[in-house]
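Laboratory data are not the source of any read-out in this text; all were calculated from the coordinates shown. Small disclaimer: the values here were computed from a predicted structure and weren't measured. We place every Cβ from the backbone using ideal geometry, glycine too, and count neighbours over all the protein chains shown.
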Amino acid sequence: MIRLLFVGDGERDAATNPHLVTVITGAQVIPTTKPWARLNQTGRGYDLKLLFAILQARQDGLDGVVAAVDRDTSRGRDRLRELQAARTKDREKYAPLPTALGVADPHAEAWLLDDPVAVQTVLRLPADVLIPTVRQVESPKSEIGRLHRASPRLNEPTHTILVEIAQALSLNRCQHSRETGFSHFVEDVRHEIGPLTR
């Protein structure tokens with residue numbers, strides 16, 4: 001069991017990202033979660049918020065940090081560079097605490113929608129229902145919502161559905177992971193968190 005602090009954009013990230021880390025590493029995690037918005041006492045900017053999160057994880061005796069943010073309207077890799085710079089700054093002063101970083105493009109649901117088999121299976125959709133790729137939709141979040149409403153599980157909470165998709169996700173079925181930022185997240189989790197599983 002690995003004890004990790006997960007920092008994300010909200011309840012959906014808090015619910016799914018621990019399961020994604022388990023899929024990536026094969027290890028069970030004990031998550032503590034904090035939304036970026038709750039780290040506002042440190043000032044503006046994801047860099048300051050990440051530095052505070054790493055400090056908090058150290059103080060709480062956790063094994064590491066997993067921080068993910070949606071690209072939303074930011075340009076290209078700006079948010080990822082900001083997070084990487086903060087991680088480097090922390091390591092200039094302190095012994096490294098494993099810290100995996102990811103930026104979902106445009107948001108975390110793109111990572112989930114990119115595995116059509118997981119989406120179809122979890123939602124119990126017939127085989128003839130086409131699951132569009134992340135390239136074919138404007139909003140992966142809206143598309144998952146639409147598919148959910150059209151599924152036999154429409155009365156179940158979205159939160160439950162997203163968790164189950166994250167648990168069922170297979171990395172080799174995610175065909176657009178470079179575009180969505182998921183491939184970088186996978187690499188960073190393997191590099192930063194992977195050694196904790198040995």
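Taking the Cβ of each residue in Arg81, Arg44, Arg153, Arg12 as the centre, tally the other Cβ atoms inside 10 Å and list the residues starting with the fewest.
Ranking Arg81, Arg44, Arg153, Arg12 by Cβ neighbours within 10 Å, fewest first, gives Arg44, Arg81, Arg153, Arg12.
What is the magnitude of the charge dipole of the stretch 62-152 about its Cα centre, with +1 placed on the Cβ of each Lys and Arg, -1 on the Cβ of each Asp and Glu, and no other charges, expressed in debye to the nearest 20?
220 debye
Using only the alpha-carbon atoms, how far is helix 11-25 inclined from the longest principal axis of the chain? Give it as 0 to 90 degrees, nearest 10.
80 degrees
Can you bin the stretch 110-173 into rounded, prolate or oblate? Criterion: square roots of the alpha carbon gyration tensor eigenvalues sorted a ≥ b ≥ c, rounded for a/c under 1.5, prolate for a/b above b/c, oblate for the rest.
Working: a/c = 1.30, a/b = 1.16, b/c = 1.12.
It is rounded, given that a/c, with a ≥ b ≥ c, falls under 1.5.
Which of the aspartates and glutamates could be linked to Lys49 by a straight reach, that is with a Cα gap under 14 Å, when you skip same-chain ones fewer than 8 residues away?
Asp9, Glu82, Asp90
Based on the Cβ-Cβ distance of Arg58 and Ser183, what FRET efficiency does E = 1/(1 + (r/R0)^6) give at R0 = 35 Å, to the nearest 0.05?
Here the calculated transfer efficiency is 0.75.
Which length gain, in nm to one decimal place, applies between Asn172 and Glu92 when the Cα-Cα distance is subtracted from 0.36 nm times their residue separation?
Result for the pair: 25.2 nm of gain on full extension.
Taking the Cβ of Ser177 as the center, what net charge do the other residues with Cβ under 11 Å away carry, scoring Lys and Arg +1 and Asp and Glu -1? Walk me through the intermediate numbers first.
Values: positive: Arg173, Arg178; negative: Asp105, Asp114, Asp115, Glu179, Glu187.
Once all neighbours under 11 Å are counted, the net charge is -3.
Helix 140-149 versus the longest principal axis of the chain: what angle, 0 to 90°, nearest 10, using Cα atoms?
40 degrees
Report the relative contact order of the chain, percent, no decimals, based on alpha-carbon pairs under 8 angstrom and at least 6 residues apart. Write down the numbers at each step before the final one.
Values: 312 pairs, mean separation 51.2, N = 198.
Over the chain, the number comes to 26 percent.
By the scheme Lys and Arg +1, Asp and Glu -1, what is the net charge of all other residues having a beta-carbon under 15 Å from that of Ala118?
-2
Skipping prolines and chain starts, which residues have an amide H placed within reach, meaning under 5 Å, of the one on Val29, given they are 5 or more residues away or on another chain?
The answer is Ile2.
Å³ per residue of the Cα convex hull, for the chain?
Details: hull volume 22.6 nm³, N = 198.
Taking only Cα atoms, the chain has a hull volume of 114 Å³ per residue.
On average, how much area does the Cα convex hull of the stretch 140-198 cover when viewed from any direction, in nm²?
Projected over every direction and averaged, the Cα hull of the stretch 140-198 covers 5.2 nm².
In whole Hz, with x marking every Gly and Pro, tabulate ³J(HN,Hα) for the stretch 96-113 from phi via Karplus 6.51 cos²θ - 1.76 cosθ + 1.60, θ = phi - 60°.
In residue order, the calculated couplings are x, 9, x, 9, 9, 10, x, 10, 8, 10, x, 7, 4, 4, 4, 5, 6, 4 Hz.
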